[in-house]
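Got a structure for you, written out below as structure tokens; questions coming shortly.
The values are calculated or read from the model by the stated rules, or taken from the named source; none is laboratory data. All of these numbers come straight from a predicted model, not from anything done at the bench. For neighbour counting, all protein chains shown are included, and Cβ atoms are generated from backbone atoms with ideal geometry for every residue, glycine included. Ligands, DNA and RNA are stripped out before the accessible areas are found, and what is left, the full protein with its side chains, is counted by its heavy atoms. Shrake-Rupley method; radii C 1.70, N 1.55, O 1.52, S 1.80 Å.
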Amino acid sequence: MLSLCRVVRPLAFRARRCAHNPAFSHLNTVTEEDVAHFSNILAPSSVFSTIGSNSVSSNDIATYNVDWMGKYYGKATTVLRPRSTAEVSEIVKWCAKRKIGIVPQGGNTGLVGGSISLDKEIVLSLGAMSKVRSFDPVSGILVADAGCILQSLSEYVAPHNHIMPLDLGAKGSCQIGGNVSTNAGGLRLLRYGTLHGTVLGLEVVLPDGTILDQLSTLRKDNTGYDMKQLFIGAEGTLGVVTGVSILTPPAPQASHNVMLALPRYDNVLPLFQTVRRQLGEILSSFEYIDRTAYDMAIDHGHSRIFNEEELKSTQCFVLVETSGSNKEHDEQKLTELLESLLTAAKPLIVTGTLSQSAAQFASLWALREGLTEAVQKEGKPYKYDISVPIADFQRVVDVLRDQLKSRGLYGDHAVSKVMGYGHVGDGNLHINVIAKHGYAPEIEQALEPFIYEVVASLNGSVSAEHGLGSMKPHALHYSKSNVSIDWMRKIKGTFDPLNIMNPGKVLP
Ligand code: FAD
Ligand code: MLT
Ligand code: ZN
């Protein structure tokens, strides 16, 4: 059986987790009777438990008990895969009656340990709820079950000339309900905004089993409190999202991208200003990759974009994408941009590569989107997803590297790489610290709370888009005032007075 003991944490923390965790003492363990009840309300093929007469082995449910990074290991004995909102409601009613904790799980691609059972909670997987409920090709409003995979939804709306308003490297596995619950940002946020704007309505099973039907398809609805906003980014702590109504924008008629090589980080901000001014409404992404991240991607098989000579004077890269309605017009704008950048008296870039075909377009994006997987292959990553002023991106990465050096932890014996990439256009930096030989308490202690203190000193956020999960509740106070945290607790207490819904996540 996989246990939380395998999660590398400071030793004291580890010992506490492996004994009975007092934070979960209000919850009951799943019994044979519970499993029998679940088997009555769900199809037999929707219940997987290591308990009871039809028990499965812990190996059979192992994938539900470990996160995508292999950093967080769960303890769930029981995994339920309901097929309808009514079934979710019945499960939750029973869990409320029996005080059993519930961890909603989507594609399990979250990067902060939110979708893993920390103690004795069941995993409620939404994967079997994957139907599109309706799509209006005129308004672009899509209503779908929460378990629909993001990429499947993109493929569903594509023939109607629409796209999903969000895109991320995990699109092949993450679910729309998980996206909403983490308020995922991704690669299109600069253009289409956050899910707080594009989600029109939600269907949610509340922690007492009541179905809250707010699956509106209205663009405008000013009738009091906009409750759906509370569930966007709640990471399953306020209820189970079962249906999503979302506005899908028309597909751009022309998309282009260009990778720019920059001689120094200080040029990123003026470059962003220049690009925004010159490309105007067709700019759709402005993504940052530092030199360490680029070299790592090449090491892991991504196509070389620049030659050795160009790379000699390159410190970092920016991937610019345009999405517009007129191919020639957009190409001309991009070409003019490149020419003006290269011929400027004080050039902001070393060089740039403009994609000339669909394959090249995809290959430039593949390098950026593939960074998360490449990081995973390098070793065990500590991932810090922060919002800080764009001007400070590189400095924060450098300061963190220096901190590791000062503790003697930088080098192949401990941390082999510290790198930054992210969504410049959104002020969102992803710092990845690669522990070459696995997670280790001394590395975590060197990184935290140091990084959170740096972020707080810059008035930033300790979580820009990945959420808090079980990784960061203790760091919430670096970004939220006591008054805000108090009100978050009151909201949680109002919806979930028994604290059964994803306990131990988000709130400290
Ligand atoms: P899960 O990981 O299963 O769950 C995440 C959280 O949401 C958990 O707390 C869980 O309890 C809760 N939850 C899931 N489904 C529901 C539901 N139906 N109802 C209530 N609560 C629910 N994130 C970004 O923001 N931007 C990126 O660019 C990005 N890129 C990524 C690239 C890769 C390669 C990977 C592995 C991850 C990336 N992520 C990114 C993180 C992750 O993919 C997103 O957070 C995603 O939205 C999680 O969706 P999921 O279905 O996998 O949710
Ligand atoms: C990204 O922007 O690539 C994602 O948020 C995932 C990551 O931080 O690695
Ligand atoms: Zn990101």
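Which pairs turn up if I take residues in segment 180-196 that are farther than 16 Å from Tyr421 by Cα and look for partners that are open to solvent by 50 Å² or more (accessible area, probe 1.4 Å) and in a loop (DSSP other than H, G, I, E, B) with beta carbon separation below 8 Å, at least 6 apart in sequence or on another chain?
Between residues of segment 180-196 that are farther than 16 Å from Tyr421 by Cα and residues that are open to solvent by 50 Å² or more (accessible area, probe 1.4 Å) and in a loop (DSSP other than H, G, I, E, B), the close pairs are Asn183/Thr194.
Follow-up. Considering only segment 371-385, I want to know if a residue exists there that is open to solvent by less than 20 Å² (accessible area, probe 1.4 Å), touching a helix residue (DSSP H, G or I) at 6+ places or on another chain (Cβ under 8 Å) and over 19 Å from Gly70 (Cα atoms).
Checked against the condition, which is being open to solvent by less than 20 Å² (accessible area, probe 1.4 Å), touching a helix residue (DSSP H, G or I) at 6+ places or on another chain (Cβ under 8 Å) and over 19 Å from Gly70 (Cα atoms), segment 371-385 yields no hits at all.
Could you grab me the full set of residues in segment 138-179 that are free of Cβ contacts under 8 Å to residues at least 12 places away in the same chain and acidic (Asp, Glu)?
Within segment 138-179, Glu155 is the sole residue that qualifies.
Is there a residue in segment 161-177 that is of a type in the set (D, E, K, R), in contact with a Pro (Cβ under 9 Å, 6 or more places away or on another chain) and within 16 Å of ligand 1 (Cβ to nearest atom)?
The answer is no, given that none of the residues of segment 161-177 is of a type in the set (D, E, K, R), in contact with a Pro (Cβ under 9 Å, 6 or more places away or on another chain) and within 16 Å of ligand 1 (Cβ to nearest atom).
Got a number for residues in segment 241-254 being in a strand (DSSP E or B), hydrophobic (A, V, I, L, M, F, W, C) and either without any contact (Cβ under 8 Å) to a residue 24 or more places away in the chain or over 15 Å from Val199 (Cα atoms) (or both)?
1
A further question follows. Quick one: count up the residues across segment 407-447 that are open to solvent by 20 Å² or more (accessible area, probe 1.4 Å) and within 16 Å of ligand 2 (Cβ to nearest atom).
3
In segment 307-352, what residues are open to solvent by less than 70 Å² (accessible area, probe 1.4 Å) and in contact with an Asp or Glu (Cβ under 9 Å, 6 or more places away or on another chain)?
Once the filter is applied, which keeps residues that are open to solvent by less than 70 Å² (accessible area, probe 1.4 Å) and in contact with an Asp or Glu (Cβ under 9 Å, 6 or more places away or on another chain), segment 307-352 yields Leu311, Cys316, Phe317, Val318, Leu319, Val320, Glu321, Thr322, Ser323, Gly324, Val350, Thr351.
Could you please let me know if Leu319 is part of a helix (DSSP H, G or I) and within 27 Å of Gln253 (Cβ to Cβ)?
The answer is no for Leu319.
If you check Gly70 against the conditions, is it under 17 Å from the mean Cα position of the chain (by Cα), away from ligand 3 (no atom under 16 Å from the Cβ) and either open to solvent by less than 30 Å² (accessible area, probe 1.4 Å) or farther than 30 Å from Gly379 by Cβ (or both)?
When the stated conditions are applied, Gly70 passes them.
Condition first: among the small types (Gly, Ala, Ser) and within 22 Å of Asp295 (Cα to Cα). Now tell me which residues in segment 389-427 satisfy that.
Within segment 389-427, the first condition is being among the small types (Gly, Ala, Ser), and the residues that meet it are 391, 406, 408, 411, 414, 416, 420, 422, 425, 427.
Selection gives Gly411, Ala414, Ser416, Gly420, Gly422.
Kindly list the number of the only condition in (1) under 28 Å from Ser416 (Cα atoms); (2) part of a loop (DSSP other than H, G, I, E, B); (3) open to solvent by less than 60 Å² (accessible area, probe 1.4 Å) that fails for Gly504.
(1)
Still on this structure, please answer the following. Looking at segment 224-240 only, could you name the residues that are without any contact (Cβ under 8 Å) to a residue 24 or more places away in the chain and not aromatic (Phe, Trp, Tyr)?
Residues of segment 224-240 without any contact (Cβ under 8 Å) to a residue 24 or more places away in the chain: 224-227.
Once the filter is applied, which keeps residues that are without any contact (Cβ under 8 Å) to a residue 24 or more places away in the chain and not aromatic (Phe, Trp, Tyr), segment 224-240 yields Gly224, Asp226, Met227.
Within segment 455-508, track down each residue that is under 26 Å from Asp208 (Cβ atoms) and among the hydroxyl-bearing types (Ser, Thr, Tyr).
Ser470, Ser484, Thr494
Out of the residues in segment 83-104 meeting the condition of being small (Gly, Ala, Ser) and not in a loop (DSSP other than H, G, I, E, B), tell me which one is farthest from Phe24 (Cα to Cα).
Taking segment 83-104 first, the residues small (Gly, Ala, Ser) are 84, 86, 89, 96, 101.
Restricting the remaining residues to those that are not in a loop (DSSP other than H, G, I, E, B) gives 86, 89, 96.
Details: Ala86: 27, Ser89: 23, Ala96: 14 Å.
Among those residues, the one meeting the criterion is Ala86.
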